[in-house]
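Enquirer: There's a structure below that I have some questions on.
Just so it is clear, none of the values below were taken in a lab; they were calculated from the coordinates. This one's a predicted model, so the numbers in the text were calculated from it and none came from an experiment. Because the Cβ atoms are built from the backbone with ideal geometry, glycine has one as well, and the counts that use them run over all protein chains shown.
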Amino acid sequence: MVLFVKSCNSIGDTIGFYHFLLLIFQMERCKYGGSKKIISLDFNQNQRMDIQLLDYIIIFGFFAIVLGIGIYVSKKSGQSSSEYFLSGRTMPWWLLGLSMVATTFSTDTPNLVTDLVRSNGVSANWGWWCFLLTGMLTVFVYAKLWRKSNVKTDLEFYELRYGGKPASFLRKFRAVYLGVLFNVITMSAVTLAAIKIGGVMLGLEPWVTVVAAGLITVIFSAMGGFKGVVYSDFLLFFVAMAGAIGAAFYLVNLPEVGGIDAVMNDANVKDKLSILPNFNDKKALITMLIIPLAVQWWSSWYPGGEPGGGGYIAQRMLAAKNENHAIGATFFFNIMHYALRPWPWILVALASLVVYPDVASIAEAFPNVPADKLGHDLAYSAMLTKLPSGLLGIVLASLVAAYMSTISTQLNWGSSYLVFDFYKQQVNPNATEKQMVAVGRLSTVVLMVLSAFLALAMQNAMGIFNLLLSFGAGTGLIFILRWFWWRINAWSEITAMFSSGILAILLETTSLRPFLFKPGTGLFPDWAELPFIMVITSIIWLTATFLTQPESKEVLQGFYRKIQPGGPGWKKVVDEAKTEEINITKGEGEWSVPSGITAMLLGVVLIYTIMFATGHWIYGKTTSALVLTGAALVSGFLLTKVWQGMKDNIL
C-alpha cells in the first residue's frame, strides 16, 4: 500500500515530535492490507487531541525526571555486570513488585481490555485472568527456588540443571532467540505501528517516528541499567495508575454517559457486565473459562507469565535481597495485576458502549479513520479525546510511562541474555566486569536500532510475532516439572521447544488446521486446538525423555545440593547419593511444595475474591460485594497461617 497523508494545519517540529510521543501508545492494532491502493487522507486540527500548555508541562516534567533517574544511577550501575543487570541483588520486595506491575502495563493493554469487554463482555478477560494460577504457583513454589539458584539470568539455569553440549546449546540458542529475535520483533511491532500512526495523524516521516519512539528510552536504558529501570518503574507505576483511575472516573461521569448507574442500566451494557461467562452458552463457557483455567495457564509459555517463572519476572526475583523478598515481590505483583488494575480500563470500556455502541458509531465520529483500522479497541482512544487539559496530560504521561517501562525492560532483559548467556559463554569467557557492562550498553543500543530498521522495512510484524509466540505452546508443563523430576533432561526441552513450534507452524500454514479444526467440517471444534498441541507436544517430549540418557549423577547431585527441591521426583537421586555416602541434603524438614500448593490455592481464592468484590462494589451490588469481601478476608487469614507455617529451612 502507498499512503499519502496531508495535514490542513501544520504544526512546529518540536510540537509535532512530542505530540507524536503522546499518540504512539494507541497503535498496536493498526494494520494495512497488502494492496497497492493509494489513499489520500486530510486531517483537520479539531480531529486531534486538544493538548494545552499544562499537558506539555506534565509530559516534559515526566521525561526530565526519568532521564534524571537514569543519569543519577548510571555511575553505580556501571560498576559491575551484577549491578547493571541485577542491581547487586539488593532490591526490596515492594520496589520489585511495583516494577513488575509497571512492566506488564503494556502500551496496548487498555486497548485489548476494551476490545474484549466490548466484543464479548467483562468475562472475556478470563483469557488472561487465568494466568493468576501461574503467578501464584511462582509466588509460593518457584520464587524461592529461583532465588536459591543464584543465577544471573534464567537461561543460566540450563547449565545448572542439565549438562554437556545439549545444555550449552539450549542456553546459547535461547539467548539469541529471546534476546535478539524475540526482542527485536516485539519492539519493531510497536515501532511499525507507531510509524503508521505518525504518518496518518501527523504526516511524520518514518525515520522521525522511529527517533521519537525510541531515543529517550534507549538513552535512559543504556545509562541506568536495571537499577534505572526499577527506580523509574516506581514513578511509572503511580503515574500509570493515576492516569487510568482519573480517566475512568471522569469519563464515566461525562454528561453523555450519565454516571455509573446510567452505565449499569444502559441497554448496550447490561449483557456485558457479568464477570463469569453465560453457563448456558457451552461454547462461550468452554472457550472463555474452562480451557483457560484447565489447560491454558500451565501449558503455554509467554513473557511475564511463564509456567514456573522466567523472563523478566525471574530477573526481578533474582535481584531480590533474599528468598522472602522474591516471594513478596511476586505476590504483590499478582494482587495488583489481577485484582485491582483491570477495573479502570473495564469501566472506560463499558462507558464507551454508551457513547459508541458499535464500530459504526466510532467510524461516524472519526470519519477519516481507514476502514481496516476500525475496531472496538479504538473506543479507548476515542474516549480519551474527551478528557480535559491537565487530566489529559496525566493520562498521556501514563501511556508514555507504559511504553518506556515495557521497552526499557525488554532492552535490559534481552541485553542480559546476550552478555551472560552468549558473549560471556561463547565470545569472551575471560571478560572483565567493565567489558560486560560495555557490551550490555552497546547491545541495548543495537537491539533498539535493529528493531527500528526492521520496523522501517516491514509492513506487518504481527503475523511473524504471533508465530514466534506459538513456539511456546505446549511447553509449559516441562517448565513446571523440570525442578521436581530428575528424569527430565536437556533433550526433553529441546524436543518440546521444536515440536511445539513445528506443530504450530503446520497448523497455521498448511491444510492441516482446516482439516482438524474448521467449524462444521473438522474433526475437533476450534477450542480444541490448544489442547491438541499440548497433548501431541507432551507425548513427543516424554518419548524423547525416555529414549535419551538421563543427566549425569554429578549434574543431578549438584543441582539437588544447591536447590534442595525435595519430593518423590528426586528420591532416586537422593537414595543413590546416600548409597555412595555423598551428602546432598540439608536438614530433615518436610517437603515444602504441598504447603506451597495450599498457599497457592488460597492465594488464588484471595485475589479472585478481591477482583470479584471490587467489581460488585463498582456495580453497586452491596450484598454480594460484602460476602465476597468477607471471603477475601477469610482466605487472606488462612493464607497467612499457612505461610507462617512454611519454614525457611525446609526442603
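Enquirer: Using per-residue counts of other Cβ atoms within 10 Å, averaged over each peptide, order 395-408, 535-548 from highest down.
Expert: 395-408, 535-548
Enquirer: Tell me, what is the Rg over Rh of the range 342-441, with Rh the Kirkwood radius over Cα pairs?
Expert: So for the range 342-441, dividing Rg by the Kirkwood Rh gives 1.27.
Enquirer: Could you state the per residue volume, in Å³, of the convex hull enclosing the Cα atoms of the range 230-273? Show your work: numbers first, answer last.
Expert: Numbers: hull volume 3.4 nm³, N = 44.
Convex hull volume per residue, Cα atoms: 77 Å³.
Enquirer: Measuring from the lowest to the highest alpha carbon on each principal axis, how far does the range 107-181 reach, largest first, in angstroms?
Expert: Principal extents (Cα only, largest first): 51, 32, 19 Å.
Enquirer: Moving on to the next point. Once you sort the root eigenvalues of the Cα gyration tensor of the range 520-651 as a ≥ b ≥ c, which label holds: rounded (a/c under 1.5), prolate (a/b larger than b/c) or oblate (the other case)?
Expert: It comes out oblate by the Cα gyration axes.
Enquirer: Still on this structure: Taking amide H atoms as placed 1.01 Å from N in the peptide plane, list the residues 5 or more away in sequence, or in a different chain, whose amide H sits under 5 Å from that of A473.
Expert: W301
Enquirer: Can you tell me the equivalent ellipsoid semi-axes for the range 206-354? Use √(5λ) from the Cα gyration tensor, largest first, whole Å.
Expert: Its equivalent ellipsoid spans semi-axes of 34, 25, 16 Å.
Enquirer: OK, next. For the cross-link pairs K75/K227; K165/K424; K152/K586; K172/K562; K272/K621; K76/K562, which exceed 21 Å when the distance is taken from alpha carbon to alpha carbon?
Expert: K152/K586; K172/K562; K76/K562
Enquirer: Go through 601-612, 575-586, 257-268 and give me the packing order, highest mean Cβ count within 10 Å leading.
Expert: Output ranking for 601-612, 575-586, 257-268: 601-612, 257-268, 575-586.
Enquirer: Sorted by average packing, counted as other Cβ atoms within 10 angstrom per residue and highest first, what order do 562-573, 289-300 take? All intermediate terms of the calculation are to be shown ahead of the outcome.
Expert: Details: 562-573: 17.3, 289-300: 19.8.
The most tightly packed comes first, giving 289-300, 562-573.
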